[in-house]
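Contents: one structure, followed by commentary.
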Amino acid sequence: MSQIWQNNIICIDLETTGANPIKDRITEIGIVELLPDGSISEWQTLINPETSIPPFISRLTGISNEMVRSAPLFSEIASALLEQLKGKYFVAHNVRFDYAFIKQEFLKCGMSFKENTLCTVRLSRQLYPEHIKHNLDSLIQRLGLTIQDRHRALTDARVVADFLLHVRKSFPAETYNKAIQKITKKPSLPPAIEEGFIDSIPEKTGVYLFYGENNLPLYIGKSINLKERILSHFNSDHKHHKELRLSQQVKYIEYRETCGELGALLLEAKLIKELKPIHNHRLRRQQQLCTWQLINHSNQYTLSLRNTDELNFLESDTYFGVFQSRKKAIDTLHAIADAHGMCLALLGIESHTKGKACFRSQINKCHGACCGKEELAHHQLKVLIALEKIRLKNWKWHGCIAIKEHNNDSSEYHLIHQWGYYGTYRTYQELLDAMSTTQEPLFDFDIYKILIKFIFKSAEIIVLPSKNSLIN
């Protein structure tokens with residue numbers, strides 16, 4: 001028998017004035033309690049939310065402002081409700097929603113609330129993977145229930161209880177036990193992190209920061225689900241020494257929400273460069289980078305190494321590759337030349353006497369464009385084809401652009417110029433102010449790689465006015 005069935009189980013549903021547990025309030029509570037002996041008890045009450053119920057919420061739930069005007073305040077039932085919930089499994093459909101509202105209401109009353117939870121959405125996904133939908137209406141249809149007063153708290157709590165009892169009857173104990181254990185498994189949190197903090201982490205896109213002693217930045221990451229990703233670092237069955245060591249060092253966690261994936265990627269790259277966390281190695285590396293520039297001298301191509309902070313993508317689209325050092329740039333070019341029989345002497349990389357075979361031609365690594373064995377035009381074409389794979393995209397706009405990213409709650413603007421990232425701004429005016437007062441960013445290859453994936457796909461691009469027009 002699963003441990004959950006050895007306890008009283010509270011199947012609960014709430015109706016609220018909105019979806020934000022910080023600013024919205026509860027209007028109704030419905031509870032179906034399942035006891036170990038098989039008996040069932042029910043409890044329901046309307047709650048005066050001390051605020052107006054939005055019309056669309058009233059239309060959905062059928063609960064009006066008039067209905068809750070004489071209902072008790074949450075503070076008036078808080079002590080009795082806390083006693084009723086104490087020591088029992090808190091089960092709901094999308095339990096995070098109901099649990100967050102209840103916990104917040106108790107906090108407003110100066111009370112602490114923490115109980116084991118079980119989400120029947122996640123349980124349905126575990127036990128019924130063949131079904132696409134797992135919302136409450138889908139469960140009602142799947143169980144063949146006839147429901148009146150849908151979106152009322154007690155009615156919906158009954159559906160949760162019916163589903164839980166159906167699971168118990170339909171699956172072997174080993175199967176549902178395993179599913180319940182999987183979704184209720186708790187992470188092993190760093191000792192310095194309070195368990196209550198985890199409840200505050202949103203399941204939204206953003207960036208998270210781990211700090212150690214003396215606010216030392218340890219690690220910065222990003223995810224489309226902050227809560228899930230942060231918890232993944234602290235699973236009790238650590239598979240990697242790095243994660244175990246990181247878990248032991250973390251003293252403080254910070255997170256920042258973004259409107260979407262692009263914003264998270266840009267913010268992560270920017271913060272890693274600024275804070276240099278000790279466990280981020282790849283994105284921390286930002287020495288003086290260089291690139292090859294292809295130059296056309298009287299129909300003969302030569303290559304020249306340029307520092308990336310000197311590049312002008314408006315004037316040229318003949319930059320190839322980005323390298324952490326001059327040696328790596330030369331080594332890469334040698335490998336490309338070897339693969340295609342290119343002449344590094346003609347490209348200005350090695351010295352030779354005009355008209356004579358270069359050294360690489362003598363050892364059969366150059367096809368002989370330097371000494372007439374290969375036509376110059378053919379060599380030029382071969383150079384273009386060989387380098388094309390590492391060509392950097394040119395900047396096709398005359399000035400700055402903004403990439404607008406938005407979700408259901410808000411929007412933000414990412415300000416970009418010549419593959420350099422100014423920053424992200426909440427309003428269009430903030431963006432214009434930054435553009436006219438902030439120093440232009442230098443080329444950053446990590447930012448470039450992020451932008452390339454988005455900018456030529458479905459990004460919403462706004463071409464901005466010139467700086468001169470803003471200043472004037």
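We did not get these values from a lab; they are worked out from the coordinates using the rules stated. The structure displayed is predicted, hence computed values, not measured ones. Glycine gets a Cβ as well: all are built from the backbone with ideal geometry, and neighbour counts include every protein chain shown.
Excluding Asn215 itself, what net charge comes from residues whose Cβ is under 12 Å from its Cβ, given Lys and Arg +1 and Asp and Glu -1?
Net of charged neighbours comes to -1.
Just the number, please: percent antiparallel of the DSSP beta bridges in the range 3-184, rounded to the nearest 5.
On the way: 15 of 22 bridges.
Around 70 percent of the beta bridges assigned by DSSP in the range 3-184 are antiparallel ones.
For the chain, rounded, prolate or oblate, judged on the Cα gyration tensor with a ≥ b ≥ c (square roots of eigenvalues), a/c < 1.5 rounded, else prolate if a/b > b/c?
Here the chain falls in the prolate category.
Show that you can apply the helix-only estimate: for the chain, add -39,500 (n - 2.57) for every DSSP H stretch of four or more residues, divide by all residues, and state [θ] at 222 nm to the nearest 500.
It comes out at -11000 deg cm²/dmol, rounded to the nearest 500.
Amide H neighbours of Lys204 under 5 Å, counting only residues 5+ apart in sequence or on other chains, H built in-plane at 1.01 Å?
Leu226, Lys227
Whole-Hz ³J(HN,Hα) for each residue in the range 92-98, computed from phi via Karplus 6.51 cos²θ - 1.76 cosθ + 1.60 with θ = phi - 60°, x for glycine and proline: what do you get?
Residue by residue, the range 92-98 yields 8, 8, 6, 4, 4, 5, 5 Hz.
Determine, from the Cβ-Cβ distance of Tyr252 and Ser64 and an R0 of 35 Å, the FRET efficiency 1/(1 + (r/R0)^6), rounded to the nearest 0.05. If you can, show how the numbers build up before the last one.
Values: r = 45 Å, r/R0 = 1.29.
Using R0 = 35 Å, I get an efficiency of 0.20.
Neighbouring Cβ atoms within 10 Å as the yardstick, rank Glu66, Glu374 fewest first.
The most exposed by this proxy come first: Glu66, Glu374.
Among 91-99, 171-179, how do they line up from the highest to the lowest mean number of other beta-carbon atoms within 10 Å?
91-99, 171-179
Using the structure shown, list the pairs from Lys182/Lys251; Lys273/Lys389; Lys23/Lys204; Lys328/Lys449; Lys404/Lys449 with a Cα-Cα distance above 24 Å, or answer none.
Table pairs above 24 Å Cα-Cα are Lys182/Lys251; Lys273/Lys389.
Got the relative contact order for the chain handy, in percent, Cα pairs under 8 Å and 6 or more residues apart? Please list the in-between numbers first.
Details: 765 pairs, mean separation 43.2, N = 472.
For the chain, the relative contact order is 9 percent.
Can you list the lysines whose alpha carbon is less than 19 Å from that of Lys354, not counting same-chain residues fewer than 8 positions off?
Answer for Lys354, where 19 Å is the Cα cut-off: Lys365, Lys373, listed by chain and number.
May I ask you to sort Met111, Met342 by Cβ crowding, counting other Cβ atoms within 10 Å and putting the fewest first?
Arranged by neighbour count, lowest to highest, Met111, Met342 become Met111, Met342.
Return the sequence-ordered ³J(HN,Hα) values of the range 434-449 in whole Hz as given by the Karplus equation 6.51 cos²θ - 1.76 cosθ + 1.60 applied to θ = phi - 60°, using x for Gly and Pro.
Running phi through 6.51 cos²θ - 1.76 cosθ + 1.60 with θ = phi - 60° gives 5, 5, 8, 10, 8, 5, 4, x, 7, 5, 10, 5, 5, 5, 4, 5 Hz.
Just going by the charge dipole of the chain, with Lys and Arg at +1 and Asp and Glu at -1 on Cβ, which of His398, Ala153, Leu226 is farthest out on the positive end?
His398
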